[in-house]
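The values are calculated or read from the model by the stated rules, or taken from the named source; none is laboratory data. Because the structure is predicted, anything quoted here is derived from the model rather than measured. Please note: Cβ atoms are built from the backbone with ideal geometry, for glycine as well, and neighbour counts cover all protein chains shown.
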Amino acid sequence: MALSQLVTMTDTAFVERERALEGDFVARLMLGDRAAVAEAYDAHHSAVRAFAKRLVGETAAAEDLVHEVFVVLPRAIKSYRGDASLRTFLISVAVNHARHHVRAAARRRYAMERYEREPGRGTSDPELLTGQRELAQVLERCLDALPLDQRVAFVLCEVEERSSTEVARIVGAPEGTVRTRLFHAKKKLRSLLEEEGVR
Amino acid sequence: MTDDLLARATRALREETRGDDTGARFTRSRIMASVHEDRVKRRTRWAFLIPVAATFVAASAFGAASGTAHRAFEVVVRALGIHASTPPAPRTSAPRPVSASAVAPAARSPSPSVVDTAAPVVNEAPAPPPPPLAEPAPPAPLAAVAPAAPKTQPATSSGHEPAPVASAPDPTFELYKAAHQAHFVDRDWARALGGWDAYLKAAPRGALAPEARYNRALCLLRLHRNDEARVALRPFADGHYGTYRREEAQKLIEALPAGIDGP
């Protein structure tokens, strides 16, 4: 038997075993197996948390979103077809559950801003907006001004540097639509950043 | 310039939110607790629903088997006063004609039949002259109606016209309609007798066979063929059709020896 054939067979066996294991794992998730949920969390929480933070812009709201994603996972997994990785699927679950958390975080941010603008509080000096942290905060504020679809497209494509194909799969929209959303999001963000006086 | 600014801001956001897993352990505990709670809730729901569903199914089966459900249905229907619009299902107490042979004890004359309608046969029979048979038959109601509604109803003397129920075309229905026309509209007893015989030949176990047999017996009475009429009425009097037309048949048979002479 040729070596290449052997390699192909080994590869095929490996892929099949992986699929069987994944199928078993998905079945356990569907049954609401706590151990399976814990495994999924341990394997993917970092990616989901990072996305949630970037999208929501607030640690507490992001933690709430992460919590929600993994709690609804046993029910949501029923729609998992296996055509994308579980991590991608988890991100799409997060996108579907983000609306409420994004709004709540934006409201809290707005309230904090107003509080900071009150007399006696420090004002945001454009001269100070040079550090990385400040720059990130400004961008989060600007993101609040975007519609959720555009916000999701920007975070996934630009911040997380995912391909438009992958983003299209996550948000369940055509690639062209994702690119259009990204274009409008960037256009709006540029003008908002200028208005903020960031240099 | 602005592009550069946006790129810088994007990079800043990416860096700021990378690898920040503080709170990860706490969130994990929350998730595990929530998943457990969900599972317990689901189990509790099933533990409650399954016995309820099983009880309902068992009770329904018992009710259907024992007839309790039907009686309860009738009570409800009566209480709501909607008998007219929703005729209850045929009772199990009214046996259907057992078989063609059982129904027609005598070879020559099967048995009576039909919906002689509201005509209280009881009143007519005893009277010597058969004409008193108040042929009640409202001819119209059958128009364009199939001879469904097997009427296993009790032998109340009020006999209704066979319930006109729209259904798929029945080839024997035309025969029934023709006999009905001859009997109740034209009052041509000989033709009606032939008509009932034709119907019974075509559908000895048809939905309207009992009614056809009873009407046939009435025709025999009209035609002074008393012996045959007696034979035709006997299954009804003996309760082969439950209580359907039993009293009337018994009274007619009792009256026969006295002689039913003229039409």
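Quick notes on this one:
- Residues satisfying the stated conditions in the range B:24-41, i.e. more than 7 Å from chain A (Cβ to nearest Cβ), under 18 Å from residue A:33 (Cα atoms) and not acidic (Asp, Glu): B:29, B:33, B:40, B:41
- For residue A:36: the one exception among (1) modelled with pLDDT under 85; (2) touching a Leu at 6+ places or on another chain (Cβ under 6 Å): (1)
- Qualifying residue in the range B:1-22 (condition: over 30 Å from residue A:43 (Cα atoms) and more than 14 Å from chain A (Cβ to nearest Cβ)): no
- Considering residues of the range A:32-43 that are more than 9 Å from chain B (Cβ to nearest Cβ) and buried (at least 21 other Cβ atoms within 10 Å of the Cβ) only, the residue nearest to residue A:66 (Cα to Cα): A:40
- Selection count where residues are touching a residue at least 60 places away in the same chain (Cβ under 8 Å), within 20 Å of the chain's Cα centre (by Cα) and within 11 Å of chain B (Cβ to nearest Cβ), scope the range A:165-199: 0
- Hey, residue A:160 closer than 30 Å to residue A:82 by Cβ, within 11 Å of another protein chain (Cβ to nearest Cβ) and in contact (Cβ under 8 Å) with a residue 12 or more places away in the chain or not: yes
- Residue check, residue A:52 part of a helix (DSSP H, G or I), within 11 Å of chain B (Cβ to nearest Cβ), under 16 Å from the mean Cα position of the chain (by Cα) and at pLDDT below 90: no
- Residue check, residue A:92 in contact with a helix residue (DSSP H, G or I) (Cβ under 9 Å, 6 or more places away or on another chain), closer than 28 Å to residue A:133 by Cα and more than 14 Å from chain B (Cβ to nearest Cβ): yes
To keep it simple, each residue is scored yes or no on (1) at pLDDT below 90; (2) assigned to a loop (DSSP other than H, G, I, E, B); (3) not charged (D, E, K, R).
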| residue | (1), (2), (3) |
| --- | --- |
| A:8 | yes, no, yes |
| A:14 | yes, no, yes |
| A:18 | yes, no, no |
| A:43 | no, no, yes |
| A:64 | no, no, no |
| A:71 | no, no, yes |
| A:78 | yes, no, no |
| A:93 | no, no, yes |
| A:97 | no, no, yes |
